[in-house]
Amino acid sequence: MHTAQEWLQKICDLPLPNKVRLMNVCGGHERSISMAGLRKALPSQIDLIPGPGCPVCVCPEQDIYQAIQMALQEDIVLVSFGDMLRVPVNVAKKDIRTLEQAKAAGADVRPVASPQEAVKIARAEPHKTVVFFAAGFETTIAPVAGMIAEGIPANLLLLLSGRLTWPAVSMLLESEQPGFDALIAPGHVSTVMGPEEWSFVVDKHHIPAAIAGFTTESLLAATYSVLRQLIEQRPFLDNCYSQLVRPQGNPVAKRLIQATMDVVDAPWRGIGVIPASGFELNQRYAEHNVRLRFPDFAKQARENAGQMPPGCDCAKVVLGKITPLECRIYGSPCTPRNPVGPCMVSDEGACRIWWSSGLRK
Ligand code: SF4
């Protein structure tokens, strides 16, 4: 095992090209990179690009709009992971643009830290309908699937905004300008879905890839791996997080997801529909599906929802097309205290992470 200093030295000793762009697709990776100051520590030829790694940032406006409208109904308790409460939507009824504002207007909106908390609330409030607005990537969706498979109360419904990570990377690689030369693949997603999920990057697109954990050492090991692959023109999928990422991933988690959900075409905020990129409850759990139980709300949300707030470049940031600093309103007026776009709200959003690590225009 090398120390971070040793990995840095090994990277500096490589015959690097003039410019090389490495994309990560995990908010946890981006936070570790930013907080450790890796952008400054690495040779200047290396560009570390945050890509689609924030599920809250890509949660479609129509889902947030629907959650807000439902929360404002009598006898509905809306529960969601904390980040989602402050994400603003573009369209508003009575000037309510976030779940937090709906709560201030009297709606019963409660943050939860785990799916089990949603079940507890539903059991404690049997005469109310509890709507669990669950947005997340594979790592968040697996415990939600576990909760459903265990059996949930009849009054607990789900507004599911689950997304798969790899289709967004695939979409970028299929585009004319993917914008990166190698991929640092997400460790947590790979623990669930297996490293094989990323084989297409190498097999189909011949792009180097390495799965990284969340320590500086693991991220630098993956960085070194993909740089070496690039230099030697020998792309392969390297697992630099083998302590936790095993072949085939976590079979129990995958079974639970398959037993409770279907993979569907899904909209990503500001980006559009990406084929086979979303999780939706399967037919067996249709009576718990908010979209099916309240079709009028779903229709209204689809018709009213727009995309990003004016001036917000979150979609370009999420796809790694620009850095947060290049957004026209980064820092003024968009800050964590006054977030304009979702990337400044979520702990996994690149803008929030860059701001928290002291990066200013
Ligand atoms: Fe969106 Fe704000 Fe980031 Fe601009 S600075 S991309 S508005 S979150």
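The values are calculated or read from the model by the stated rules, or taken from the named source; none is laboratory data. This structure is a prediction, so every number in the text was calculated from the model and none was measured. Backbone-built Cβ (ideal geometry, glycine too); neighbour counts: all protein chains shown. Ligands, DNA and RNA are stripped out before the accessible areas are found, and what is left, the full protein with its side chains, is counted by its heavy atoms. Shrake-Rupley method; radii C 1.70, N 1.55, O 1.52, S 1.80 Å.
Which net charge results when you count Lys and Arg as +1 and Asp and Glu as -1 among the other residues whose beta-carbon is under 13 Å from that of VAL87? Could you put the intermediate results ahead of the total?
Working: positive: ARG86, ARG97, ARG269, ARG352; negative: GLU61, ASP63, ASP83, GLU100, ASP347, GLU348.
Taking every Cβ under 13 Å from that of VAL87, the sum is -2.
Once the piece of chain linking THR3 and ASP95 is laid out straight, how much longer is it, given 0.36 nm per residue of separation minus the C-alpha distance between them? Could you put the intermediate results ahead of the total?
Working: separation 92, 0.36 × 92 = 33.12 nm, distance 5.21 nm.
Taking 0.36 nm per residue and subtracting the Cα distance, the gain is 27.9 nm.
Could you please report the charge total around ARG337, scoring K, R as +1 and D, E as -1 over all other residues with beta-carbon less than 12 angstrom from its beta-carbon?
Values: positive: ARG86, ARG352; negative: none.
Neighbour charge sum, excluding ARG337 itself: +2.
As a calculated quantity, the FRET efficiency between THR215 and ASN338 at R0 = 22 Å, using C-beta atoms, amounts to about 0.10. Whole-Hz Karplus values for region 179-191 come out as x, 8, 9, 7, 10, 9, 7, x, x, 5, 4, 5, 5 Hz, taken residue by residue from phi with 6.51 cos²θ - 1.76 cosθ + 1.60 and θ = phi - 60°; glycine and proline positions read x.
With 29 Å as the limit, the listed pairs LYS254/LYS321; LYS94/LYS128; LYS94/LYS361 have LYS254/LYS321; LYS94/LYS361 beyond it between alpha carbons.
Helix 295-304 axis versus longest C-alpha principal axis of the chain: approximately 50°, rounded to the nearest ten.
Quick one: work out Rg over Rh on the C-alpha atoms of the chain, Rh as Kirkwood radius. Each step should come with its number before you reach the end.
Working: Rg = 20.6 Å, Rh = 21.0 Å.
Rg divided by Rh gives 0.98.
Database remark: amide H of ASP108 closer than 5 angstrom to the amide H of LEU78 (H placed geometrically; neighbours at sequence offset of 5 or more, or on other chains; Pro and chain starts carry no H).
Using amide H atoms built in the peptide plane, which far-off residues or other-chain residues are under 5 Å from VAL264 H to H? Correct list: SER277, GLY278, PHE279, GLU280. Here each label is just a point 7 Å from Cα along the line to Cβ, and for LYS19 and ALA149 those points are 4.6 nm apart.
Quick one: work out the % antiparallel among DSSP beta bridges in the chain, nearest 5. That works out to approximately 25 percent antiparallel.
Can you give the FRET efficiency for ASP296 and ALA41, using 1/(1 + (r/R0)^6), R0 = 51 Å, r = Cβ-Cβ distance, to the nearest 0.05?
Working: r = 54 Å, r/R0 = 1.05.
Rounded to the nearest 0.05, the efficiency is 0.40.
GNM on the chain, alpha-carbon springs under 10 angstrom: the most fluctuating residue among GLU348, GLU232, GLU174 is GLU232. GNM remark for the chain: springs join alpha carbons under 10 Å apart, and the peak mean-square fluctuation among GLU30, GLU217, GLU303 falls on GLU303. Coupling constants for region 74-84 follow from the phi torsions by the Karplus curve (6.51 cos²θ - 1.76 cosθ + 1.60, θ = phi - 60°), and in residue order they are 4, 6, 10, 10, 9, 10, 7, 5, x, 3, 5 Hz; glycine and proline get x. I want the local charge near ILE231. Using Cβ-Cβ distances under 13 Å, sum +1 for each Lys or Arg and -1 for each Asp or Glu among the other residues. Taking every other residue near ILE231 into account, the sum is 0.
Taking the Cα centre of the chain as origin, work out the dipole magnitude from +1 charges on Lys and Arg Cβ and -1 charges on Asp and Glu Cβ, in debye rounded to 20.
Details: 35 positive and 35 negative charges, 131 e Å.
For this selection, approximately 620 debye.
Solvent-accessible surface of region 314-356, averaged per residue with a 1.4 angstrom probe and all protein chains in place: 40 square angstrom. For region 158-169, putting each phi into the Karplus relation 6.51 cos²θ - 1.76 cosθ + 1.60 with θ = phi - 60° gives couplings of 10, 10, 8, 10, x, 9, 8, 7, 5, x, 5, 5 Hz, in residue order, rounded to whole numbers and with x for Gly and Pro.
Determine the share of the chain's accessible area contributed by carbon and sulfur atoms, expressed in whole percent, with a 1.4 angstrom probe. Walk me through the numbers on the way to the answer.
Numbers: 7860 of 15420 Å².
Here it works out to 51 percent.
Annotation: amide H-H contacts under 5 Å for VAL91 (H modelled 1.01 Å from N, sequence separation of 5 or more, or interchain): GLY306.
Between LEU172, LEU183, LEU219, the GNM of the chain built on Cα springs shorter than 10 angstrom shows LEU172 fluctuating the most. Residues of region 143-187 with an amide N closer than 17 Å to a point placed 7 Å from the Cα of ARG284 along the Cα-to-Cβ direction: 143-154, 158.
Compute the angle between helix 251-260 and the longest alpha-carbon principal axis of the chain, please, reported from 0 to 90 degrees and rounded to the nearest 10. The angle comes out near 40 degrees. Axis of helix 115-124 versus longest Cα principal axis of the chain: the two differ by about 10°, to the nearest ten degrees.
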